[in-house]
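Remarks on the structure that follows.
The values are calculated or read from the model by the stated rules, or taken from the named source; none is laboratory data. Keep in mind that what you see is a predicted model, and the values were worked out from it rather than measured. Neighbour counts run over all protein chains shown; Cβ positions are idealised from the backbone, glycine included. Ligands, DNA and RNA are excluded from the accessible area calculation, which covers all protein heavy atoms including side chains. Shrake-Rupley method; radii C 1.70, N 1.55, O 1.52, S 1.80 Å.
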Amino acid sequence: MSKWYSFNIKNELLVWFFAVSILPLILVSVINFFNLKSDYEENTKEHVSQILDSKVLKVKNYINGLKDGISIISMLPTTLDNFEKYSSEFNENRRNRVYHNSPFFDKVVEEEGFYGIFLIDLNGNIIYTQRAESDLYENLLEGPLKDSGLAWAYNRTRALLNTEISTFEYYAPSSEQASFISVPIFKQKQLIGIFAIQISKQRLFDVIINYKGLGESGEVIAGYLDKKKSVVASIPLRFKPNAFNDHFVLQSNVSVADDTPVKKAVLGNSGVDISYDYKEDKIVAAWKYIPELRWGMVIKINYDEVMQEAYNQILFNVLVLLAVIVVITVAIFIVTRHIVNPIQILTQKVNSISLGKDEPFSEEVSSLENEVGELAKSFNIMSKSLQESQNTIKNYATELEYKVDERTKELEEASEKLQVVNENMKKTLDIVDEYVIASATDLDGVITEASSALSKITGYSKDELIGKKHSILRHPDVPSALYKNLWKTIIAGKTWYGEIKNQKKDGSFYWVDVIIAPLFDKHNNIEGYSSIRQDITDKKLVEELSVTDQLTQISNRLYLENIFKNELNRATRYGKIFSVILLDIDKFKSVNDTYGHDVGDAILIAMVNILKQYVRATDILGRWGGEEFLIICPETTAINAKVVAEKLRVKIEEATFEVVGKKTCSFGVAEFKDTDISSKEVVKRADNALYEAKESGRNRVIVAQS
């Protein structure tokens, strides 16, 4: 069936020009659009992740600073004196509604930036508040504040004797959202009460609420799970600033909402992706859980703002593409008009001739002011060259199609390579995350924190590790001297580096490369230790394999050369002696040539079994190369080494080997001399002695001359 454009050469030219020029431009523009879109998305993900990490770190440092500060304040003698004073006056002051302020606590609040200070006795009575609000003299166990954040922190600290912090929620006496940090007060190691502060929300917000780098639509969101399991705003929102005071619900407790960034964050997850926010706007967001406040924090930028520059660039590219298409189309029309119209006239004349009409090309056709007139005058000559021209055009079109296909293939391959690179990068990051083995301990080595990777490699759960000493992982093979050196280093405030063999829960072992560093408080006192490990079990196994000959399973040449270095050092430094025995299987090449290498390997293994059976326990046996074996004899003279060699020679001569029957060996013995400065000189003299044994008839022991 004929194509519609085959009836008109002008239409056919238009189609082909469109196929070879405009379509590739459109394809390149589409590919560029998706690549540009992907680049903007990935760059923005990295950007919001960096901002989130920075803010989370600032929050943690701020909270930890507050915890450290109030822990110190709670131990001051002035604090104890104030507690005892207000405790003894509690009943009288409550009855008379008398309030006596503490200048010391006023100064602390002013210097530290707290909202307020509380003293609470063990019965739950608030015996002192620095601001003297309506919570003064209330009971946190039975009163109207028993469900407040202050009561929660008090009960936790009293039960666990730890520093505790409550999340932000509405606190009636202050008429605003509030969070509290509480610490125990001890006197002579006995718990006598609780010291608490109310965090200045404005100072905390100053740490968090900063929109630098977030553009016009960027926003910092923090939320917590309330008693209804809904996510409530913990800080004022950029585009809804009153939400914080209105108990604004960022996400209700419905199953379909678990995929939103803020819900993921409060549930303890971290990540970065394209999602939707509480306003149902499409966003690029990064989220993370802050355990210190039990908050989930989200850094997000509207997707449309992220992509605006990309959209502008894409629009520009589209306009340029349209302009190019228009220019090409107009050019095609002009070219085809100048080419096709004269050809149509010529075609009419040729058709007339093909029908037998004798109409000459002169007159009307030859008078055309273009090449067609010349064509009419010399049609016979041109008819032959016309075929060649058509072939040329066809080849040109084919070449153009090939180049377009080749370029398209290159672009596709480049895109696939980029995808592979991205996938490999993600895999690399996942591997790094999986194998970060870390822990922290107190001053006695009791584990206070443990990573999931540590649990995974040891076989212990986190609950099984935390609260236990690190000795739970100690392998019996590790000498006590190593641990003495370790503790001596870190107690001195220095970082210890080394390799340690540990034991798993199931009794198996693993090797780690360890860095242990002390942790200092703000007074530069050591308060604990942290460690990071890398699993090097495989490396240790490889090291073991690297010094073993794979065929005979005895030491290889590399290991022997290391032993040589040690013996040379001992001999040079302490005046010790040692000797070497170098032996070679006689006529071994003929065995391989006659029976094959499998039989030769079997003889080597059998020979090693004889040598291992009769060498001394203090000697080091190894394969020096091919059918040569070397024995290092520490603290042994050449005479004694000859005795050992002669014994081995006899045992080998008496043995019978499969297939080949009897075999013998020749031996060369050399003793270390003061003039030897390397193992090569000792071995060379032993090798010369071995050569002499071979030349003297084989199956004998020759000692190198001094």
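Is the shape of the stretch 83-210 rounded, prolate or oblate, going by the alpha carbon gyration tensor and its root eigenvalues a ≥ b ≥ c, with a/c under 1.5 for rounded and a/b larger than b/c for prolate? Rounded.
Given R0 = 45 Å, the distance between the Cβ atoms of ASN312 and TYR170 translates into a calculated FRET efficiency of 0.50. Once the Cβ-Cβ distance of THR548 and SER461 is raised to the sixth power relative to R0 = 51 Å, the FRET efficiency obtained is 0.85.
Determine the share of the stretch 103-191's accessible area contributed by carbon and sulfur atoms, expressed in whole percent, with a 1.4 angstrom probe. Using a 1.4 Å probe with all protein chains present, the stretch 103-191 comes out at 44 percent carbon and sulfur.
The 1.4 Å probe gives accessible areas that order PHE239, PHE248, PHE672, largest first, as PHE239, PHE248, PHE672.
Note on ARG97 and SER508: the model spin-label points, each 7 Å out from Cα along the C-beta direction, lie 7.3 nm apart.
The candidates LYS58, LYS589, arranged from most to least accessible area with a 1.4 Å probe in the full protein assembly, appear as LYS589, LYS58. Taking square-rooted eigenvalues a ≥ b ≥ c of the alpha carbon gyration tensor, is the stretch 468-552 rounded, prolate or oblate, where a/c under 1.5 means rounded and, failing that, a/b exceeding b/c means prolate? It comes out prolate by the Cα gyration axes.
With a Förster radius of 22 Å applied to the beta-carbon distance between ALA617 and ASN566, the computed FRET efficiency rounds to 0.80.
Ordering ILE466, ILE208 by accessible surface, largest first, gives ILE466, ILE208; the 1.4 Å probe counts only protein heavy atoms, with every chain in place.
Here the Karplus relation 6.51 cos²θ - 1.76 cosθ + 1.60, evaluated at θ = phi - 60°, turns the backbone of the stretch 291-303 into coupling constants of x, 4, 10, 6, 9, x, 10, 10, 10, 9, 10, 4, 4 Hz, with x for every Gly and Pro. Computed extension length for THR594-ASP106: 165.6 nm, one decimal, from 0.36 nm per residue of separation with the Cα-Cα distance subtracted.
Taking a 30 Å limit on the Cα-Cα distance, which of the listed pairs LYS494/LYS539; LYS107/LYS212; LYS229/LYS504 fall beyond it?
Details: LYS494/LYS539 27 Å; LYS107/LYS212 34 Å; LYS229/LYS504 39 Å.
Flagged as over cut-off: LYS107/LYS212; LYS229/LYS504.
Here the stretch 434-570 exposes an accessible surface that is 53 percent carbon and sulfur, computed with a 1.4 Å probe and the other protein chains kept in place. Distance from the Cα centroid of the stretch 130-160 to that of the stretch 195-217 is 25 Å (rounded to whole angstrom). Once both labels are positioned 7 Å from their Cα atoms along Cα-to-Cβ, the gap between VAL320 and LYS662 label points is 9.1 nm.
Using the Cα gyration tensor of the stretch 188-239, with a ≥ b ≥ c the square roots of its eigenvalues, what is the shape: rounded (a/c below 1.5), prolate (a/b larger than b/c) or oblate (neither)? In terms of gyration-tensor shape, oblate. Listed values for the stretch 447-457 are Karplus-derived 3J(HN,Hα) couplings in whole Hz (6.51 cos²θ - 1.76 cosθ + 1.60, θ = phi - 60°), namely 5, 9, 9, 8, 7, 5, 5, 5, 4, 5, 6, and x replaces Gly and Pro. For the stretch 66-119 and the stretch 572-609, what is the separation of their C-alpha centers, rounded to whole Å? Distance between centres, Cα-based: 86 Å. Between LEU558 and GLU401, the distance separating the two model label sites (each 7 Å from Cα on the Cα→Cβ line) works out to 5.8 nm.
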